[in-house]
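First the structure, in the form of structure tokens, and then the observations on it.
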Amino acid sequence: MRDSMLISQLVEKHNYLDNPVFIVGSGRCGTTLMHSLLDGHPQLLVWPFEYSYFTFFRDFQQIYHVSTTRVSKLFEYFYKTDVGYFGKRYPGGRRKKGFSLEAVNAETFRSVVDTYKNEVPTRRQFLQLLMYAYHQAFCPWMKPKAFVLQINIPRDGFLDDFPQARVIYMARNPLHTYASIKRYYCKASGSKGYCYGAADRRFERGLVELALTQVLYAYTWLQRHKNLPGLMRVKLEELQNDTEKVIGEVADFVQISSESILLEATRLGQSYGSNLSSGKDSEGKVVADNYHLSKQYLQELTPYELEWVYGLLKEVVMENGYKVEIPFDTLSKMQKMLNFLKPMINEFPSFCEEKIIQSLQLNH
């Protein structure tokens with residue numbers, strides 16, 4: 001598909017539109033924290049939401065059965081997303097962590113987009129147009145060095161669209177990430193902790209698949225792109241335990257000045273806390289990694305689950321420089337116990353399953 005000439009001319013005048021900074025990683029590995037730390041820097045423009053870049057285009061194409069269309073049609077669909085809150089208060093989605101978007105002039109945003117309404121953009125150009133419109137609606141006087149977007153679950157498409165982009169990959173111990181994703185969705189669903197009741201069994205299995213898929217997909221992507229020149233991997237544990245040092249390295253990577261504002265988590269100048277695995281709010285501060293709490297969450301996994309998850313994630317854990325935290329003798333004991341109990345579960349599934357799985361919670 002050919003580029004829109006008018007949008008290409010716009011990009012030529014504003015270099016920041018051609019090499020954005022993407023913050024990527026699986027859920028619950030620090031992407032929101034990094035997003036919030038970069039938010040207040042005077043040399044950066046930061047899109048205020050998690051940007052569902054590829055999901056948006058995929059859904060649009062499935063609904064309208066077209067691969068290309070005018071800006072006006074794309075924006076009509078896109079406006080139904082979080083952008084509709086510009087000029088208002090954003091409620092915060094699932095996490096219920098709202099913040100004010102009154103500083104973003106919704107009329108200006110729409111007016112800028114309307115200027116190009118008859119253009120037929122590529123996917124890359126539509127994102128560039130949205131970035132420019134946000135710039136004009138929020139702080140038109142600013143001369144940004146970069147535009148930052150958070151995209152959970154990395155995809156190859158944004159590298160196809162922006163080969164010169166800089167990528168901050170947020171990493172965390174994969175086993176801790178898995179346990180934290182499960183806790184997060186249990187909390188979001190209103191469940192207290194883990195779901196062991198018979199009525200919740202299907203939901204629990206769905207959580208296992210959701211959490212494991214996120215972690216494996218994100219680290220598989222990293223493995224494929226680990227030698228990418230424009231990629232910086234940041235370990236959440238290191239960011240939490242030595243924030244000033246790590247955020248200074250991030251500033252060098254993004255090519256911005258290292259300032260004290262980078263130590264404060266904000267959204268459009270408002271204090272913004274990340275959702276900790278413990279369920280507490282960080283209240284705009286970087287909270288030190290709680291290693292013992294993370295190990296406690298691993299102990300909440302059932303042996304069946306831990307054996308399966310550990311088997312799939314063991315290589316990922318070691319490849320990314322993390323310790324193997326489940327002792328081999330513990331796994332051996334678990335395996336013997338499971339082999340002994342499997343015939344009972346097969347013979348009396350309705351009677352035994354719930355009690356056996358509850359009794360097999362790992363405690364060591």
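The values are calculated or read from the model by the stated rules, or taken from the named source; none is laboratory data. Values in this document were obtained by computation on a predicted structure and should not be read as measured data. No Cβ is skipped: glycine too gets one built from the backbone with ideal geometry, and neighbour counts run over all protein chains shown.
Each residue in the stretch 54-71 was checked for being more than 22 Å from L6 (Cα to Cα) and either in a helix (DSSP H, G or I) or touching a residue at least 24 places away in the same chain (Cβ under 8 Å) (or both), and 10 of them qualify. Scanning the stretch 107-124 for residues that are within 26 Å of the chain's Cα centre (by Cα) and either modelled with pLDDT of 95 or more or part of a loop (DSSP other than H, G, I, E, B) (or both) yields F109, T122. Filtering the stretch 310-329 to residues that are of a type in the set (A, V, I, L, M) and either at pLDDT below 75 or farther than 26 Å from H225 by Cα (or both) leaves V324, I326. Only one of the numbered conditions (1) at pLDDT below 95; (2) closer than 25 Å to L37 by Cβ is violated by W141, and that is (1).
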